[in-house]
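Some notes on the structure that comes next.
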């Protein structure tokens, strides 16, 4: 488990993280979201003891990172996949880290096999593609068989097969009772990966809870309907007091489910060519909730030109 309590970090006059409190639970994949400059990287660095908070604290399984006796056996992290000595092979890189933490050499080969790099274990890391470096970074995080894992943009450089692989890996790690904390800007992928969410903006907590609750509470829901008898359906909707808008030749009706709308259309004599529920999405919910926390929007960019 990761517990942040009132985390605050300043760089000069800039407040990067401001009184941030959240929990990432064991047995769950927690997505960490926020606009550029929201304080995500700073927060993850404070979790790992790389930055010292100006106020508040953060605990990993009940202890500050710097007090952990065997840090790699408790926490595994990938914040920068390009961090490695280019002249060392993948196996040498992992064995060097293993030796520094009292981890057997054989564990390096185990994690290389797990991430699909066993066939290039002797190849110099400087010759790796970005996707291979991502896999090596993930292997590094898994080296100590830790209970808590942090990943920053883990799918960068991975092909579609690799993206599915890392998603399944994170789900499997969480199913084993581990804490998986992952930051990413790829919202469609996060929607398929995260079970819980921590969303921040301008260093402050905006939302913490499940993915389902986040999408349901912040997004509009309705039913999209197309009919050649639109006027008849509009009249019936008006008599029912239903709210609707028109978009791309269709009516978008809120406050009614598909069954009720279909029955109303039948009664009104309106033939339906489309009747499809509009469900919430992570992307829509995220953009709605973080609109005021985005430092430089596309509208601002256009105005600046």
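The values are calculated or read from the model by the stated rules, or taken from the named source; none is laboratory data. These numbers come from a predicted model, not from an experiment. Here the Cβ positions follow ideal geometry from the backbone for every residue, glycine too, while neighbour counts run over all protein chains shown.
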Test set (1) closer than 25 Å to residue 283 by Cα; (2) in contact with a strand residue (DSSP E or B) (Cβ under 8 Å, 6 or more places away or on another chain); (3) not in a strand (DSSP E or B) - residue 180 fails condition number: (3)
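With 142, 173, 169, 150 as the choices, which residue is under 23 Å from residue 89 (Cα atoms) and touching a residue at least 12 places away in the same chain (Cβ under 8 Å)? Please lay out each step first, then the result.
Working: 173 fails: under 23 Å from residue 89 (Cα atoms); 169 fails: under 23 Å from residue 89 (Cα atoms); 150 fails: under 23 Å from residue 89 (Cα atoms).
Just a single option satisfies the conditions, and that option is 142.
Out of the residues in region 16-38 that are out of contact with any helix residue (DSSP H, G or I) (no Cβ under 7 Å at 6 or more places or on another chain) and closer than 10 Å to residue 205 by Cβ, state the one that is surrounded by the most Cβ atoms within 10 Å (Cβ to Cβ).
The extreme case among them is 22.
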Of all residues in region 89-114 being free of Cβ contacts under 8 Å to residues at least 40 places away in the same chain and in a loop (DSSP other than H, G, I, E, B), the one that is nearest to residue 158 (Cα to Cα): 105
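Condition check ((1) over 13 Å from the mean Cα position of the chain (by Cα); (2) closer than 18 Å to residue 286 by Cα; (3) without any contact (Cβ under 8 Å) to a residue 12 or more places away in the chain; (4) not assigned by TED's automatic domain parsing to the domain that holds residue 48) across all residues:
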| site | (1), (2), (3), (4) |
| --- | --- |
| 155 | no, no, no, no |
| 198 | no, yes, no, no |
| 226 | yes, no, no, yes |
| 255 | yes, no, no, yes |
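Checking the structure you have, find out if any residue of region 274-287 is modelled with pLDDT of 90 or more and within 16 Å of residue 227 (Cα to Cα). It would help to see each step written out before you state the result.
To start, the set of residues in region 274-287 that are modelled with pLDDT of 90 or more comprises 274-275.
Cutting the leftovers down to within 16 Å of residue 227 (Cα to Cα) gives us 274-275.
Checked region 274-287: at least one residue is modelled with pLDDT of 90 or more and within 16 Å of residue 227 (Cα to Cα).
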If residue 9 passes every condition in (1) at pLDDT below 95; (2) in contact with a strand residue (DSSP E or B) (Cβ under 7 Å, 6 or more places away or on another chain); (3) more than 28 Å from residue 213 (Cα to Cα) but one, which one does it miss? (1)
Selection within region 59-88 - within 20 Å of the chain's Cα centre (by Cα) and outside any loop (DSSP other than H, G, I, E, B): 60, 75, 76, 77, 78
Taking residue 270 as the residue in question, decide whether it is assigned to a loop (DSSP other than H, G, I, E, B) and either outside the structural domain of residue 190 (by TED's automatic domain parsing) or without any contact (Cβ under 8 Å) to a residue 40 or more places away in the chain (or both). yes
Taking region 47-67 and keeping residues within 17 Å of residue 179 (Cα to Cα) and surrounded by 18 or more Cβ atoms within 10 Å (Cβ to Cβ) leaves 47, 58, 60, 65
Could you please find all residues in region 121-140 being within 16 Å of residue 107 (Cβ to Cβ) and surrounded by fewer than 22 Cβ atoms within 10 Å (Cβ to Cβ)? 121
Among the candidates 176, 263, 246, single out the residue that is surrounded by fewer than 15 Cβ atoms within 10 Å (Cβ to Cβ), more than 30 Å from residue 21 (Cα to Cα) and modelled with pLDDT of 90 or more. 263
